[in-house]
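A quick write-up on the structure given underneath.
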């Protein structure tokens, strides 16, 4: 578990970042940026010139009484920003587009894309720029946006005034309801006093007349000729009401009556204030201006906008740099390499079996160090691989396996040959099958020149028996491994290996040996390798140091797709670590007394040969 976590951590740490990828392929990123600028120049060459016109306004806060009714926390500091938001709104764009549609045919989206707004908060100045294909369009666009802004601001002022009036009306109606309730309570208290009752009735009638006149006033426009007379009547009635209240307050000593009259008087005062504010808001809404202190109309531009070209080239250049960075990241991911023996574990989800150093680091020129250099670190690595494979095969019930690699040059055939020899020296009955029909590198390593004898094709076809065609390769005293080569028959590998006879052959052959090692072609380069791997109990992946992670990931997917479990992996062509070396005496002890190194061509004892075979 700890080793798997370590592999995942190292794999994640090796993941390239955008910045590192861009720096690694900076020439590509720069080239793509240059291409973007060139594309921008070509685009501008075939594109009509654009003109820019600017109009400016000095804004001022024209908020009034109804602002305090709706928003008690209006922040003057944000006023300019609020006006910029209004100018940028779709409402202004729609209004401007409606005025530009007839001569120029612009939509609101086109207006929004063509305009640019800059604000000077300290000076309360807002500058609106507009780009168009002609000087006339640029000037008309900038002026149309300012005019639309003025109209929208006035409309919003009226809307706020209506909202404020509605809120004041709601509050007045609440007071009227409470006033009716108070009048009913007062009537009950004064029912036994005729004089008081008469005075109260006159009070009620005057109050009703007052409410009638106030409603009539609200229904009239601000310029109606009857409005001054109604206001005078309202003022007289309010004065009479206050006088009657004073007389009643002097005459009455009943605490309950006094409290009711006090509340009634307070409500009447509040209603008077509310109606006064309604009058003010109505007048101010009619007179509301656009909130502009000064306006500078747009001037007709005389030349195309140079800034537009530089901005266009900047955009295309940035797009090119972004594309180059993305491409660099893809290349960095694809070219990411395996740098340690534990990294493949995170990709394969399989254990590490052995680490084989590069032969050249020990001065080994033969592909069979287990034979020619048995005391080397390379030979010991293959013995580690043989022990690990035997142990895991026993636990998994696996007797046949296939050495697989992503591409040529991984050392797959070398691992197959040396591991087989090392396993045979441990006393296992081992069969090697050279199933790479187009290469036969395993046969060449073990026997020298290509050995033109019968093999797989004859056995699968039923012409020969396995025991008659296998070649026994002596590797030591009373030790040998068996090799089954391709054979002589001129057949297509895919045709032979996809047959039912081939499937039966690979299923039966495992019963005759302790370990069957199949060497096939690289899985990412030859299609029938995917057929071979389905015929074995498990796969051993050969991962060379410095190989590409992307290829290893694709190889893992191919093996999982076949349904064959991965027994583990062998890390080849690795750097020679100090702990991999051992003393010669210890190695002799491991190999056994009397072991002799055979540096010549391996001896081959031919099995029973058929007489007369050409």
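The values are calculated or read from the model by the stated rules, or taken from the named source; none is laboratory data. Please read all numbers here as calculations on a predicted model, not as lab measurements. Using ideal geometry, Cβ is built from the backbone for each residue, glycine included, and neighbour counts are taken over all protein chains shown.
Observations on the model:
- Residue in region 258-273 that is in the same structural domain as residue 187 (by TED's automatic domain parsing), part of a helix (DSSP H, G or I) and modelled with pLDDT under 70 present: no
- Single match in 233, 212 (criterion: at pLDDT 75 or above and within 18 Å of residue 177 (Cα to Cα)): 212
- Residues being at positive phi and surrounded by 14 or more Cβ atoms within 10 Å (Cβ to Cβ) - total across region 477-513: 1
- Residues in region 512-527 that are touching a residue at least 40 places away in the same chain (Cβ under 8 Å) and outside any strand (DSSP E or B): 512, 513, 514, 520, 521, 522, 523, 524, 525, 526.
- Scanning region 478-500 for residues that are without any contact (Cβ under 8 Å) to a residue 12 or more places away in the chain and not in a helix (DSSP H, G or I) yields 478, 490, 492.
- Residue 406 vs. criteria part of a loop (DSSP other than H, G, I, E, B) and within 26 Å of residue 359 (Cα to Cα): yes
- Residue within region 438-458 that is out of contact with any helix residue (DSSP H, G or I) (no Cβ under 8 Å at 6 or more places or on another chain) and within 14 Å of residue 475 (Cβ to Cβ) present: yes
Residues checked against (1) closer than 30 Å to residue 82 by Cα; (2) modelled with pLDDT under 85; (3) touching a strand residue (DSSP E or B) at 6+ places or on another chain (Cβ under 7 Å); (4) not in a helix (DSSP H, G or I):
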residue: 279; (1), (2), (3), (4): yes, yes, no, no
residue: 290; (1), (2), (3), (4): yes, yes, no, yes
residue: 318; (1), (2), (3), (4): no, no, no, no
residue: 328; (1), (2), (3), (4): no, yes, no, no
residue: 350; (1), (2), (3), (4): no, no, yes, yes
residue: 375; (1), (2), (3), (4): no, no, no, yes
